[in-house]
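Quick notes on the structure that follows.
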Amino acid sequence: MSEFTNKNIWVFIETDQGKAKSVGLELLNPGRMLAEKSGEKLVAVVLGKDNGEAISQVRQFGPDEIISVEGAEYETYSFDAYTYAMTVLVEKYSPSAILIGATNNGRDFGPRLSCRLKTGLTADCTSLDYDEESKNVAWTRPAFGGNLMAVIMCPNTRPQIGTVRPGVFKKLPVEGAGEASVIKEAITVPADNIRTKLIESIREAAAGVLNLEDAEIIVSGGRGMGGPENFKILEDLAEVLKGAVGASRAAVDAGWIGHAHQVGQTGKTVGPKLYIACGISGAIQHLAGMSGSDCIVAINKDPEAPIFKAADYGIVGNLFEVLPVLTEEIKKLKA
């Protein structure tokens, strides 16, 4: 094994309109574990136009330090600007590992950064650990279509970089946190280095749709829904519960609902307080995306469905009879 002088676990904090996205705050949780096991510091890295609000959010989750880079070129995510700035930071501070959320931006940013730094990247991780013997981060990710989990290490280069699925880890505020020191770095990206520019951000497509990864309650439907028109009963229940509507891959592949609603190995990983699975058999790929839920309720007419093994509560019955009654009863309780 090569000897490295690199130190500290970095977590990249992705922002949106000046606020920290949930995934970065989630990653401070395993980041703390890695820092404690390696005897290093946990450092949050924030890039943005005005980082004040994001820094206040990040402080509550217990990093030892926060590195902040501010500038007009960081107002919205830019492949070129973010890679340039992070490369400058890495060359100055030499972190041991960098955790990045596997969002659309993170999946773009991570590979480019790893290439620029001539190091490895483990993509789409669902678990993290630290191997004390080799002093490497142990990155776990699905392989062969999710049929097995591969543990990957990066022993020959630093920093170690990985993208981690949103929703895999819980956001865990640290009691008494809020004192992390802030290191401000002024990094100006040469204009010629930025080859793309965001012209317009269109948010209307998602208007009224709660982000699955942020939802505390999710009502999901699978093949048992029978068709797109039947998702209306899921929407009714989700509305009463102030939750979001999810779906299994089978429902999405059938064209009954959009991919943005898909939960599972090839969709989103979620960890709500309540997950209601309706007409979902419980394939391992789907379970991988929602098994971190605090409470799982399964509704299925097949008593042998695998979903019941993962559920805290199960209802064996016809979902088209159960859901309307459940929705009405909840309405009565709320009234």
Going highest first, how would you order 47-59, 215-227 by mean Cβ packing within 10 Å? 215-227, 47-59
Once all protein chains are kept in place, Ser78 shows an accessible area at probe 1.4 Å, nearest 10 Å², of 10
From zero up to wherever the largest Cα-Cα distance of the range 142-296 sits, split into 10 Å bins and tell me the percent of pairs in each. 9, 29, 27, 22, 11, 2
Here, Asn193 and Asn6, labelled 7 Å along Cα→Cβ, have an inter-label distance in nm of 2.0
Give the Kirkwood hydrodynamic radius (Å, one decimal) of the chain, defined as one over the mean of 1/r across all pairs of different Cα atoms. 21.2
Taking square-rooted eigenvalues a ≥ b ≥ c of the alpha carbon gyration tensor, is the range 212-334 rounded, prolate or oblate, where a/c under 1.5 means rounded and, failing that, a/b exceeding b/c means prolate? rounded
Reduced to Cα centres, the span from the range 233-255 to the range 54-68 in Å works out to 35
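Subtract the Cα-Cα distance of Ser56 and Glu216 from 0.36 nm times their separation in residues, and report this length gain in nm to one decimal.
Residue separation times 0.36 nm, minus the Cα-Cα distance, leaves 55.3 nm.
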Would you please calculate the Kirkwood hydrodynamic radius of the range 9-193 over all C-alpha pairs and express it in Å, rounded to one decimal? 16.3
Quick calc, Leu333 & Lys184: beta-carbon distance into FRET formula, R0 56 Å, rounding 0.05, result 0.65
List the residues, sorted by chain then number, that are 5 or more residues from Ala138 or on another chain and whose placed amide H is less than 5 Å from its amide H. Asp129, Tyr130, Asp131
Gaussian network model of the chain, Cα springs within a sub-10 Å range: biggest mean-square fluctuation belongs to which of Glu133, Glu229, Glu65? Glu133
Cα gyration tensor shape of the range 1-59, rounded if a/c is under 1.5, else prolate or oblate by comparing a/b with b/c: prolate
Could you tally the net charge around Phe169, taking each other residue with its Cβ under 13 Å from the Cβ of Phe169, Lys/Arg +1 and Asp/Glu -1? +1
Over all distinct Cα pairs, what is the inverse of the mean 1/r for the range 86-169, reported as the Kirkwood hydrodynamic radius in Å? 13.1
Quick one: compute the contact order of the chain, relative version, from alpha carbon pairs under 8 angstrom and 6+ residues apart, as a percent. 14
If one builds a Gaussian network model of the chain from Cα atoms under 10 Å apart, the most fluctuating residue listed among Glu70, Glu304, Glu14 is Glu304
Carbon and sulfur atoms: what percent of the 1.4 Å accessible area of the chain do they account for? 51
Efficiency by 1/(1 + (r/R0)^6): what FRET value for Lys273 and Glu91, r their Cβ-Cβ distance, R0 = 41 Å, to the nearest 0.05? 0.45
With a/c under 1.5 counting as rounded, go ahead and sort the range 43-111 into rounded, prolate or oblate using the C-alpha gyration tensor (a ≥ b ≥ c being the square roots of the eigenvalues; past the cut-off, prolate if a/b is larger than b/c, else oblate). rounded
Residues of the chain: accessible area per residue with a 1.4 Å probe, Å²: 49
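The values are calculated or read from the model by the stated rules, or taken from the named source; none is laboratory data. Remember, predicted model here, so these are calculated numbers, not experimental data. As a convention, Cβ positions derive from the backbone with ideal geometry for all residues, glycine included, and neighbour counts pool all protein chains shown. In case anyone asks, the SASA skips ligands and DNA or RNA and just uses the protein heavy atoms, side chains included. Shrake-Rupley method; radii C 1.70, N 1.55, O 1.52, S 1.80 Å.
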